[in-house]
Each structure stands twice: as C-alpha cells, then as structure tokens.
4 protein chains.
Amino acid sequence: MPDARIRDSFARQSLMATFGAEITDIGPGRVEISAPILPLAHQQHGVGHAGLTFALADSAAGYAALTLMPEGREVMTAEAKINLLAPARGERLIARGEVAKAGRRLTVTRAEVFALDQGRETCIALLQATMIPVDPV
Amino acid sequence: MPDARIRDSFARQSLMATFGAEITDIGPGRVEISAPILPLAHQQHGVGHAGLTFALADSAAGYAALTLMPEGREVMTAEAKINLLAPARGERLIARGEVAKAGRRLTVTRAEVFALDQGRETCIALLQATMIPVDPV
Amino acid sequence: MPDARIRDSFARQSLMATFGAEITDIGPGRVEISAPILPLAHQQHGVGHAGLTFALADSAAGYAALTLMPEGREVMTAEAKINLLAPARGERLIARGEVAKAGRRLTVTRAEVFALDQGRETCIALLQATMIPVDPV
Amino acid sequence: MPDARIRDSFARQSLMATFGAEITDIGPGRVEISAPILPLAHQQHGVGHAGLTFALADSAAGYAALTLMPEGREVMTAEAKINLLAPARGERLIARGEVAKAGRRLTVTRAEVFALDQGRETCIALLQATMIPVDPV
C-alpha cells in the first residue's frame, strides 16, 4: 500500500493532530488535508490564523512531494510563499497540494486552501513551495 | 501606553496561546515573539513544525507593522514568504519582526526566527511579508 | 476594443521591445506574452537570464490583472515570487499570466513560463504575484 | 585573485551588458552591482521595469552565493521573491546581495536594490532567494 508511509509520517506530525487535521485524499503527486477551524487556532478576529492555513498548505504540499520520492526518503520544506486571498472563515479548511516539478534535487509544489463555510468552498490561499529530500533521522 | 493595543490584539490570537507564545519586546516598527517548542507543535521528526515557525514569524511581522499604524486600524497578512534555514530544534523559538517599508496602502515587513538550543541561538528562518491595513471588524 | 489599453500600455514598455516580446493572446483575466531568447538576454551559460524569464512572467501577470480593472486604472507589481524549474533554453519563451483573485485593493496573479525548444514546450518557471492598482501618472 | 571567477562569469552574462551593469563591490558573501536606468529597460510609466530591478537583485544575490562556493562550481537561482517598495526612478540602480545562509545543498540569499535619484538613495526592492550549486557546463 503506497499511501502507508505518507499516513505514517503524517500521524507523527503532532501539530496536525493539534489542529484535528486528517489526510482526505492521496494520489501520485497530490495530497489533500482537511481540518476544522478549531477555536484554538484563531487570530485576533476570530477566524483561522494564517499559521493554520500555512501549516495545512505546507503539509499538503510536502506530502504531495513525498508521494513521488523513493521509499525511505523524507522531505523538508526549503521555502514557501503564500498569498492569503480571504479570511479563513467557516467550519473547515481543505488544503490540496500537488507537485509542479519533481526534480532530482528539489521538488516544486503548489497548494490551494479552501474554506468550507455553510457548504460553500472559497479559495482562501495559494502556496508555492520548494521541497528538498532528506535522509530519515 | 502605546503597546496596549498590540498586546490586546495578541491576547485575542488563540493560536499564540496554544503555542505558549508571548510578546517579549515591542518598539516602533518592531515586535519580538517567543514561544517554547511544545510537543503539540512538532513535525514528523520531533522538531518544531514549519507551521509553528511561520505562525510566530508572521505574527511578529504583522504586529511590527501594526506598531506604525494609526490607532484603530488592524492589519492582515496579504502574503508571506519564508525560507527555512535549519530545523526548529531546541527549547524555544524567538521571532523578531520589523518593518522594512511602511506605505500608505501596504507595509512590507521582515522577520527572522531563531531557535534557542542549550543556550545557543541559531537563525532558522527568514520571512518577508506584505501586510495590509484593515478596518476593525 | 477592450484589448487596446493593454496593447497600448505594453507598447510603452521599452524593456519588452528590447526583448522582442509581443502579446500573443488576451482574454478576461489572462494575457500571453511571447519573446525570442535573444543573445542580448543571456546569463553566463548562454541560456536566457532569470531576469528575462521574470520580466515576461511579471508582465503577463500584470497585464492579466489589468484586463479586469476599470478603464483608466494602471497596475503595478507589489511583489512577485518565481520558481525556476529548468534553464531557459530554446528559441522562444511563452509567458501565460492569469488572475487568481481580483480584489478591490489587490489582485493576486499567477504565471507560467514555457520554453519552446525545437518544437517542444517545457515549463521553466512558475510565478505568483500581487498586483496593486495605481492611478495613471 | 579570488574575485576573478565572479567577474569572468558576470562578463559572460549578456543581459548585464545590455543593461550597462557592472560589479562595483565584491567581498566574502556579498556582491554589489550597479547599472544606469537605461531608456531600453523602462516599463510603461517611463521608470525602470520590475524585470530590470529583479535581474540586478538576482545577479547580485547569485554572485554573493558564488563567492562562498568552492572553485569550479557555478550557481543557479532556484527561486526568488521580490517586494517592490517604490518605483525605479532616477539615474542608477544599486543592488547589494548577501548570503544569509550558505548550506551544503542550498544557499539562501538576500538583496536590496536602491535607486539613486539626484544624489539620494531610496530602497526600492527587497529580494530573498535560494541559490543552488551546479556543475559548470
């Protein structure tokens, strides 16, 4: 089962558990992560903090990169850029990460984050990030 | 006391409380935020998640921008870019945000994040971000 | 003819003329710019300089934003982030810009740049940028 | 003379010659590049194009990275992010690049670009970029 190492690694990310996040889809070069907007993750206006949005986008992008790497590799974020398009308002956030270019030394990824508010999905963030393979520790 | 609105706003960011973060310095155009690397904020290798590092850097940069805005304004992150230089390993993270250019419509900020590991500070991240003033909700 | 102001503005960008660039497609929220990789725009390895790739991507993204703005506005780049995926090798570069989110105060855009090398298109760059409307000077 | 390979490489960047750019300072981990704002490099409002500003910042940052690499290596830009703070107005641009973190696999750099207008320097851009060593071609 090729998804196992993604799910195993994700399960070790305590921040994802803190946020109540779960992997809701995995495919070659793409991962979707979904999380409620918990009261513990707000900014000062009572909506989701940019740190929550970023964490989900970054994890979705990073695990999307990992799906295309050989067994036994790990991945770390070298850099990421996020544009926040709208407040993280609603019940849930859904982050969809995908690989734009899988290189030997670097993998370039993108992610979009959607807020689900009363059944309606709004794109609230775009992320573009560089992932680098690392040896497991 | 000019710092009061920064501290009041910060106190309403539940994510900062979740991370155990506190403001450790404020000046005109600069804010320092410090937080322990709590077990609830780890990535899969047992060090701080990029989402933690980003959240602290983003908040430090955003509040640095707010220090230079007229009373009664709020600030939101329009976009941010972070380079992760080293793992978030150690007891504490210290994020130092400052204003690079305070404009009428946009404020450009920078932040550096340091990990404090056994008394030694290592720079682990550089952030460059655009803040936009908003009316309070 | 709604394209006229885009083409007029583009015609005043001397750097685009220097690069031999032309607009090859315009639609609502999207602009395509194409240019040869001229010998005057190389980096040290004899392929197109990152500055060429960036300039085309930035212009395509900026004009894509302008297509959705009211008559009489102009647009400037507030910030841009580019990932370079492969060398700018071949005869031509094609930059396709599009609007991701047209806001009242900021427009978020994306662009992809392709190199055309012996009839084959390779994606060489991804750009994500924030455009800000300005009054004409 | 340790600067020789930087100057040799720079001399092979035809885009820098097109822009009339020259290296005006080199030190370990830093390079300064200066160029007039030539009429051939304007945007639509008659000031320097963002592509000019980016090209100078990117070259200054890339060569700053190269100063710290072993003899015989070359460097390429993996990604770069630029915030444009003010129009590129005046006689000259001065781009100052420096290394923020020289890693084994990636070098993180920063650059600032100043416009010299009637004897007064204004910071017009901040760049943060990741450089990757490559074997010479």
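The values are calculated or read from the model by the stated rules, or taken from the named source; none is laboratory data. Only a predicted model underlies this, so the values are computations on that prediction, with no experimental measurement involved. Every residue, glycine among them, receives a Cβ derived from its backbone with ideal geometry; neighbour counts consider all protein chains shown. Surface accessibility is based on the protein's heavy atoms, side chains included, excluding ligands, DNA and RNA. Shrake-Rupley method; radii C 1.70, N 1.55, O 1.52, S 1.80 Å.
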Exercise for the section: Of all residues in the range C:27-49, count the ones that are buried (at least 24 other Cβ atoms within 10 Å of the Cβ) and in a helix (DSSP H, G or I). Expected result: 1
Fill in the blank from the handout: Counted residues in the range C:87-105 being more than 30 Å from B:M131 (Cβ to Cβ) and under 10 Å from the mean Cα position of the chain (by Cα) come to 1
Exercise for the section: Please find, among D:I94, D:I82, the residue that is over 24 Å from D:G119 (Cα atoms) and of a type outside the set (D, E). Expected result: D:I82
Problem - Considering residues of the range D:112-135 that are surrounded by fewer than 19 Cβ atoms within 10 Å (Cβ to Cβ) and in contact with a Phe, Trp or Tyr (Cβ under 7 Å, 6 or more places away or on another chain) only, the residue farthest from the other protein chains (Cβ to nearest Cβ) - result: D:E121
Exercise for the section: Taking A:E74 as the residue in question, decide whether it is in contact (Cβ under 8 Å) with a residue 60 or more places away in the chain, acidic (D, E) and touching a strand residue (DSSP E or B) at 6+ places or on another chain (Cβ under 7 Å). Expected result: yes
Practice task
For residues that are aliphatic (A, V, I, L, M) and facing another protein chain (nearest Cβ under 8 Å), scanning just the range B:18-44, find the one that is farthest from B:I124 (Cα to Cα).
Solution key: B:L40
Exercise for the section: Test C:F19 against the criterion of being under 19 Å from D:N83 (Cβ atoms), modelled with pLDDT of 95 or more and either of a type in the set (K, R) or touching a helix residue (DSSP H, G or I) at 6+ places or on another chain (Cβ under 9 Å) (or both), and give yes or no. Expected result: no
Problem - Any hit, the range D:45-55, residues being modelled with pLDDT under 95 and within 12 Å of chain C (Cβ to nearest Cβ) - result: yes
Exercise for the section: Evaluate the range C:93-111: report whether one residue or more is open to solvent by 50 Å² or more (accessible area, probe 1.4 Å) and among the polar types (S, T, N, Q). Expected result: no
Handout entry: Residue list for the range A:1-26, restricted to those being assigned to a helix (DSSP H, G or I) and either touching a residue at least 60 places away in the same chain (Cβ under 8 Å) or open to solvent by less than 10 Å² (accessible area, probe 1.4 Å) (or both)
Key = A:R5, A:I6, A:S9, A:L15, A:M16
Handout entry: Filter pass, A:L66 being at pLDDT 95 or above, farther than 22 Å from C:A80 by Cα and touching a Phe, Trp or Tyr at 6+ places or on another chain (Cβ under 7 Å)
Key = no
Problem - Criterion: of a type in the set (K, R) and under 15 Å from B:G51 (Cα atoms) - qualifying residue of A:R12, A:R30, A:R7 - result: A:R12
